[in-house]
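Before any comments, here is the structure.
Please treat every number below as a calculation from the coordinates, not as lab data. In this text, all values refer to a predicted model and were calculated from it rather than measured experimentally. Virtual Cβ from ideal backbone geometry, glycine too; neighbours counted across all protein chains shown.
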Amino acid sequence: MSIENNVEVVKSFLAAIGRRDKQGLLALSAEDIEWIIPGEDWPLAGTHRGHAGLADVLQKANETVETSFPEPPEFIAQGDRVLVVGFATGRVKATNRTFKDDWVFDVTVRDGKVTKIREYIDTQALARASEMDANPRS
């Protein structure tokens, strides 16, 4: 596939996430998709594999955070890799604390399917927003 087609697959994948379109996501994802989210002691952290792992991480995200993307992301592509650079704001539901997050998704596309996503996110901002103690750091 061309670089342009790979970018379109990633755009469609992100749009399906935004619509919470599970069937659309599965159609755009390889059966052995791998999604890596850094961090510890965070419900979304870890390596999520396959369609079941994809569904699980998206369900956890729905339950854990509210996120908005005030600016459209930037797409940078070479070969089968598409980097998506963006900014998000959000709220951790359990604590009602907000966060700001500059992020990058490193997405691999093969044969028209998303096969791997590695997130680079502001884990400190998310960890702080998740703290349950009475004296949060600012």
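The fraction of Cα-Cα pairs per 5 angstrom bin, counted from 0 for the chain, comes to 2, 10, 19, 24, 21, 13, 7, 3, 1, 0, 0 percent, rounded to whole percents. Counting only residues at least eight positions apart within a chain, or on another chain, the lysines with an alpha carbon under 27 Å from that of K113 are K11, K22, K60. Compared with the dominant Cα axis of the chain, that is its longest principal axis, helix 3-19 is turned about 40°.
Summing Lys, Arg as +1 and Asp, Glu as -1, what charge do residues with Cβ under 13 Å from the Cβ of L14 carry, L14 excluded?
-1
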